[in-house]
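Visitor: I'd like to ask you about the structure that follows.
The values are calculated or read from the model by the stated rules, or taken from the named source; none is laboratory data. Treat the numbers as computed from the prediction; the structure is a model and nothing was measured. Quick reminder, even Gly has a Cβ in these numbers, built from the backbone with ideal geometry, and neighbours come from all protein chains shown. All accessible areas refer to the heavy atoms of the entire protein, side chains included, with ligands and DNA or RNA removed. Shrake-Rupley method; radii C 1.70, N 1.55, O 1.52, S 1.80 Å.
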Amino acid sequence: MQIKGSVALITGGGNGIGEAVAKFFAKHGAKVAIVDMEQKNIDRVVKEIKDIGGEVIGIQANVTSEAETAKFIKATLEAFGKLNIAVSCAGIIRDGMMLSLDKETGKVSRKMGLDKWQPVIDVNLTGTFLTLRDAAEAMINGGWEGLLVPISSVNKVGQVGQINYSSAKVADALMPKIIIGEFLMRGIRNIRCVGIAPGYTATTMLTGMNQDVLKALLKDVHIGRLVEPDEVAALIGHCVENGAINATTLEITGGLCYPNGIAK
Amino acid sequence: MITVSERKTMKNIFYNDMEFTIVKTGSTWDITRKLPNGDFAVVGAGLFADLPDSDAEARALALIMTIFPVGIKIVGPDVAHPNRVGDLKIVGPDVTHPNFVYWEKDSTSFARETYLIKGTHYANQR
């Protein structure tokens, strides 16, 4: 499938990796629908894409809502008449330990509450499910060639302090195998599914953090720097145009290793 | 009522309590939305290439109505944070829920003068 002339929907397209993916597709001739929770971010990215001559719409929506998912799929079809690429970048973190112990007594003093668990599952897992489900529905009913892209994370391996996030991201990483297995059984051959699992990426979430902590993180990255959002976008672009990549989740980490040298 | 004022290749649309502009640039159309501070934000750009003007305008209006739907969001009870009166739990609306709308502050559906056309509210021209 060629990027040029295709229609791409990107959730979380108002900043970070999603913004880079949206701009990458627009620069390469795709029509782009940007979905985000923040209207100001949408307005900024849509204007920047318009300024480079791109074809674009922006839709404020909550990916955890079935009604709002239906809204942004419908808007994409109304604007561009078809849908070929759906990239589920919308994601949040609410880090914390499952249990915290009192240093003196050794007893549990605090538990991770549902206020930290549920939003992360809702956005990162349920939101991805709804986006890919409804995008696939449109692609199947429209008969268009398509690619579904759940965004996982290298922390799908299981990151301490991220039981909510890692649990959602490992599920996202598994989706391509389940979805393509289902499509094969149903005789649906026009849609592929490829997950992307970035490592530490130079989004504002990381570049704005304590620089000493950031330096410590980079010690474990073989290339010695953060992955750039544009590099993640380019990988997704390659997945669009290479029809053999399917039913898998690709990592792009710069060689992220455990401190003992074993690559994650 | 939707009011449309025509100026060659540009049209202003007042829909609900918002003002949109549809501009034809070459063979495509751009849609902008007027912000409270008077600036304009781009809703969509490069749309409906080579469509006849009337078709493009109809599709632009449909797109606006999809992206900015009229209506209120229903928010369920905040069962996690009941007010207690003795053993009695009093459950109010979940004002911390991301879908909660403060009617006069957040809602894009707060039209000053509205009436019903075929089941949909439209705002009068300002």
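Visitor: Taking the C-alpha atoms of the range A:1-114, how large are the radius of gyration and the largest Cα-Cα span, Dmax, in Å?
Guide: 18.8, 64
Visitor: For the range A:177-264, I need the span (max minus min coordinate) of the C-alpha atoms along each principal axis, in Å, sorted largest to smallest.
Guide: Principal axes ranked by extent give 52, 27, 18 Å for the Cα atoms.
Visitor: As a test of the formula, what do you get for chain A when each DSSP H run with n ≥ 4 contributes -39,500 (n - 2.57) and the sum is divided by the residue count, at 222 nm and rounded to the nearest 500 deg cm²/dmol? Before the final figure, lay out the partial values.
Guide: Working: 9 runs with 113 residues, N = 264.
Taking each H run of at least 4 residues, the total per residue is -13500 deg cm²/dmol.
Visitor: Protein chains only, probe 1.4 Å: how do A:V120, A:V108 rank by accessible area, largest first?
Guide: On the way: A:V120 0, A:V108 80 Å².
Reading off the accessible areas and sorting them downward yields A:V108, A:V120.
Visitor: On to the next question. Of all beta bridges DSSP finds with both residues in the protein assembly as shown, what is the antiparallel percent, to the nearest 5?
Guide: Values: 37 of 67 bridges.
Around 55 percent of the beta bridges assigned by DSSP in the protein assembly as shown are antiparallel ones.
Visitor: Can you list residues from other chains, or at least 5 along the same chain, whose modelled amide H is less than 5 Å from the amide H of A:G161?
Guide: A:M98
Visitor: Something else about it: Per Stokes-Einstein, at 25 °C and 0.890 mPa s, what whole-number D in µm² s⁻¹ belongs to the range A:96-226, with the Kirkwood radius over Cα pairs as the hydrodynamic radius? Can you show the working numbers first?
Guide: Values: Rh = 17.2 Å.
Answer from the Stokes-Einstein relation: 142 µm²/s.
Visitor: Express the C-alpha Rg of the protein assembly as shown as a ratio against the empirical globular expectation 2.2 N^0.38 Å, rounded to two decimals. Kindly include the intermediate steps, with their values, before the conclusion.
Guide: Values: Rg = 22.8 Å, N = 390, 2.2 N^0.38 = 21.2 Å.
Cα Rg divided by the expected 2.2 N^0.38 Å: 1.07.
Visitor: Moving on to the next point. If I require 20 Å or longer along the helix axis, counting alpha carbons, and a Kyte-Doolittle average no lower than -1.0, what helices from chain A are left? Use full DSSP H segments. Before the final figure, lay out each step's value.
Guide: Numbers: long enough: A:66-80 (21 Å, 0.09); A:127-142 (22 Å, 0.31); A:163-186 (34 Å, 0.59).
Sorted by number, the helices that extend far enough and score high enough are A:66-80, A:127-142, A:163-186.
Visitor: What total accessible area, in Å², is buried where chains B and A meet, using a 1.4 Å probe and rounding to the nearest 100?
Guide: Values: alone 8450 and 12880 Å², together 19820 Å².
The contact between A and B buries close to 1500 Å².
Visitor: Let me ask something additional. Applying 1/(1 + (r/R0)^6) with R0 = 25 Å to the Cβ-Cβ distance of A:K4 and A:R133, what FRET efficiency is obtained, to the nearest 0.05?
Guide: On the way: r = 27 Å, r/R0 = 1.08.
Between A:K4 and A:R133 the formula returns 0.40.
Visitor: Round to the nearest 0.05 the FRET efficiency obtained for A:N260 and A:Q159 when R0 = 22 Å and r is the Cβ-Cβ distance.
Guide: Working: r = 16 Å, r/R0 = 0.73.
That pair, A:N260 with A:Q159, gives E of 0.85.
Visitor: Tell me, what HN-Hα J-couplings in whole Hz come from the Karplus equation 6.51 cos²θ - 1.76 cosθ + 1.60 at θ = phi - 60° for each residue of the range A:154-161, using x for Gly and Pro?
Guide: Once θ is set to phi - 60°, the couplings for the range A:154-161 become 4, 6, 5, 5, x, 9, 4, x Hz.
Visitor: At a Cα cut-off below 21 Å, give the lysines reachable from A:K177, other chains included and same-chain residues fewer than 8 away excluded.
Guide: Within reach: A:K156, A:K169, A:K264.
Visitor: Okay, next question. Strictly over 24 Å apart at the Cα level, which of A:K31/A:K71; A:K23/A:K74; A:K50/B:K11; A:K4/B:K34 would you flag in this model? Intermediate results must be reported in sequence, preceding the final value.
Guide: Values: A:K31/A:K71 18 Å; A:K23/A:K74 21 Å; A:K50/B:K11 19 Å; A:K4/B:K34 31 Å.
From A:K31/A:K71; A:K23/A:K74; A:K50/B:K11; A:K4/B:K34, over 24 Å: A:K4/B:K34.
Visitor: Check A:R192: other-chain or 5+ apart residues with amide H under 5 Å from its amide H, H built from backbone geometry?
Guide: A:G146, A:L147, A:L148
Visitor: Once you put a point 7 Å from the Cα of A:Q118 and another 7 Å from the Cα of A:E66, both along the Cβ direction, what distance in nm separates them?
Guide: 1.8
Visitor: Place a +1 charge on the Cβ of each Lys and Arg in the range A:96-212 and a -1 charge on the Cβ of each Asp and Glu, then give the dipole magnitude about the Cα centre in debye, rounded to the nearest 20. Numbers along the way, then the final one.
Guide: Details: 12 positive and 10 negative charges, 58 e Å.
With Lys and Arg at +1 and Asp and Glu at -1, about 280 debye.
Visitor: Which one, A:G106, A:T64, A:G13, is farthest towards the positive end of the dipole of the range A:1-146 when Lys and Arg carry +1 and Asp and Glu -1 on their Cβ?
Guide: Projecting each Cα onto the dipole axis, the largest value belongs to A:G106.
Visitor: Carbon and sulfur: what percent of the protein assembly as shown's accessible surface (1.4 Å probe)? Mind dumping the intermediate values first?
Guide: Values: 10870 of 19820 Å².
So the carbon and sulfur contribution to the accessible surface is 55 percent.
Visitor: Still on this model: Considering the options A:A86, A:A136, A:V120, tell which one lies farthest towards the positive end of the dipole of the range A:55-160, charges being +1 on Lys and Arg and -1 on Asp and Glu at the Cβ, about the Cα centre.
Guide: The one lying farthest along the dipole's positive direction is A:V120.
Visitor: Below 8 Å, C-alpha to C-alpha, sequence gap of six or more: please give me the relative contact order for the range A:1-55 in percent. Don't jump to the answer; show the numbers that get you there.
Guide: Details: 88 pairs, mean separation 20.6, N = 55.
About 37 percent, as a whole number.
Visitor: Another question, if that's okay. Using θ = phi - 60° and the Karplus curve 6.51 cos²θ - 1.76 cosθ + 1.60, what whole-Hz ³J(HN,Hα) does each residue of the range B:14-22 get, with Gly and Pro shown as x?
Guide: 9, 10, 6, 9, 10, 10, 10, 10, 10
Visitor: Considering only DSSP beta bridges whose two residues both sit in the range A:64-205, what percent are antiparallel, to the nearest 5? Each step should come with its number before you reach the end.
Guide: On the way: 3 of 12 bridges.
About 25 percent, rounded to the nearest 5.
Visitor: Let me ask something else about it. Between the range A:1-36 and the range A:96-139, what is the C-alpha centre distance in whole Å?
Guide: Taking the Cα centre of each part, the range A:1-36 and the range A:96-139 sit 27 Å apart.
Visitor: Same structure, new question: In debye, nearest 20, what is the charge dipole magnitude of chain A about its Cα centre with +1 on Lys and Arg Cβ and -1 on Asp and Glu Cβ, if you could check? Intermediate results must be reported in sequence, preceding the final value.
Guide: On the way: 28 positive and 27 negative charges, 64 e Å.
Dipole magnitude for chain A comes out near 300 debye.
Visitor: Relative contact order of the range A:16-120: what whole-number percent is it, with Cα pairs under 8 angstrom and at least 6 residues apart? Provide the component values of the computation, followed by the final result.
Guide: Numbers: 111 pairs, mean separation 20.0, N = 105.
Once normalised by length, the contact order is 19 percent.
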